[in-house]
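Take a look at the structure below.
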Amino acid sequence: EESDSSSEASVNVKEENEKLLMSIAKITGGAVTAARNLIEMMKVAGTKKIPRSTKKKMEFTIAPNLVLNAEYSLLVSKANLPTLRTHAFIKDEEGTVFRDADSKPLMADLLKDTVYTDKQSVDIEVAPENRTKAYRYGGDYITTNAYDEESLKIESKIAMRVMGFVSSSSIPRGALIDSGYAITGGISPRAQTAISALAQAMEEDKVVAIARFVKMEDADPVIGVLMPMKIDLKQSNSEDQVPNKLVFIQMPFEEDYAKFTFRSFGSEETTELQKSAADDLIDQMMLGDDELCSTKLPNPAIRSLNRTLIKRVVEGAVEVLAEVGRGEGG
């Protein structure tokens, strides 16, 4: 009888605890979820995967007789929706799907096989040994092979070299491409001091450095600008900070520039009334320093996906929880 009463008391305590949790969740607008679903929820709502090594070492040449062991790391990388992979269910002759010990369906990866056929007769497949690669040049095709492609590669180590300095006003902001790389001295006091001194000197003189950068071993070099970087770019008062690092941003080569042709305005001129109207528009739509800060705004597509998946883990099949304003240009 004592065991029955104790088990009955524990059940009552459990029920009371559940009622308490439900009441708290109702007040706070939350939800009570079974503990067995937490692992699945954490997998769904996990943050962006951080690479094994966010900082890579390189040889940084500031001057012919000043070579440092520095580090570089990517400042910004675009977060995308998780990619979906196509799998095939493994079935028996009767079409029944095989399942594992946990009753989950057995699946296999799909392999892509491209078939090339003869231009004169589409029924004849071209064997791999009869295929070759070619570059189109005008109306001709210039053939190449694996040896030629390997010869085009430049043998070089991961390194950055300063080629000279120019006025910061001579670099158009619209001509910078790709993501920025933070350049630091790593754990070396000598490199830290040299890079910090260089950043502060460039800030005072209003100049930037033109540098050659090889991001990976035997990769093609790129040309870009080295600029002084504040301690924390996310802070609104970064102008008051002292730069102690450098940031490298790639510049385009001649072939990277888009060729645009714009229609001339001719003799048309902007009137004072039109200028005044534009000034009024800007004044009325001015935002505060802490408004619409992109570093504090989550990606609506990724947040919508995470909310939907979590909801489906907890409640089963539900509609997609789209963000407010999506589909309306918001």
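The values are calculated or read from the model by the stated rules, or taken from the named source; none is laboratory data. All figures in this text were calculated on a predicted structure; none of them were measured in a lab. When we count neighbours, we look across all protein chains shown, and the Cβ atoms used for this are built from the backbone with ideal geometry, even at glycine. Quick note on the areas: whole protein, heavy atoms, side chains included, nothing else; ligands and nucleic acids left out. Shrake-Rupley method; radii C 1.70, N 1.55, O 1.52, S 1.80 Å.
Data table
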quantity	calculated
Some residue of region 157-171 being out of contact with any Gly (no Cβ under 9 Å at 6 or more places or on another chain), surrounded by fewer than 14 Cβ atoms within 10 Å (Cβ to Cβ), free of Cβ contacts under 8 Å to residues at least 12 places away in the same chain and assigned to a helix (DSSP H, G or I)	yes
Residues satisfying the stated conditions in region 70-89, i.e. open to solvent by 70 Å² or more (accessible area, probe 1.4 Å), hydrophobic (A, V, I, L, M, F, W, C), out of contact with any Pro (no Cβ under 7 Å at 6 or more places or on another chain) and free of Cβ contacts under 8 Å to residues at least 60 places away in the same chain	Leu84
Given (1) in contact (Cβ under 8 Å) with a residue 40 or more places away in the chain; (2) assigned to a loop (DSSP other than H, G, I, E, B), index of the condition Asp113 fails	(1)
Matching residues, region 172-196, being touching a residue at least 60 places away in the same chain (Cβ under 8 Å), of a type in the set (D, E, K, R) and farther than 19 Å from Asn65 by Cβ	Asp178
Qualifying residue in region 251-271 (condition: out of contact with any Phe, Trp or Tyr (no Cβ under 6 Å at 6 or more places or on another chain), farther than 30 Å from Thr61 by Cβ and modelled with pLDDT of 80 or more)	yes
Number of positions in region 243-293 that are assigned to a helix (DSSP H, G or I) and among the hydroxyl-bearing types (Ser, Thr, Tyr)	1
Condition check for Glu150: modelled with pLDDT under 80, of a type in the set (Asp, Glu) and not in a loop (DSSP other than H, G, I, E, B)	yes
Residues that are loosely packed, with under 12 Cβ neighbours inside 10 Å and within 24 Å of Leu305 (Cβ to Cβ), drawn from region 90-113	Lys104, Asp109, Leu110
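Condition check ((1) open to solvent by 20 Å² or more (accessible area, probe 1.4 Å); (2) in a helix (DSSP H, G or I)) across all residues:
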| position | (1), (2) |
| --- | --- |
| Ser179 | yes, no |
| Ile195 | no, yes |
| Leu198 | yes, yes |
| Val208 | no, no |
| Ala211 | no, no |
| Glu217 | yes, no |
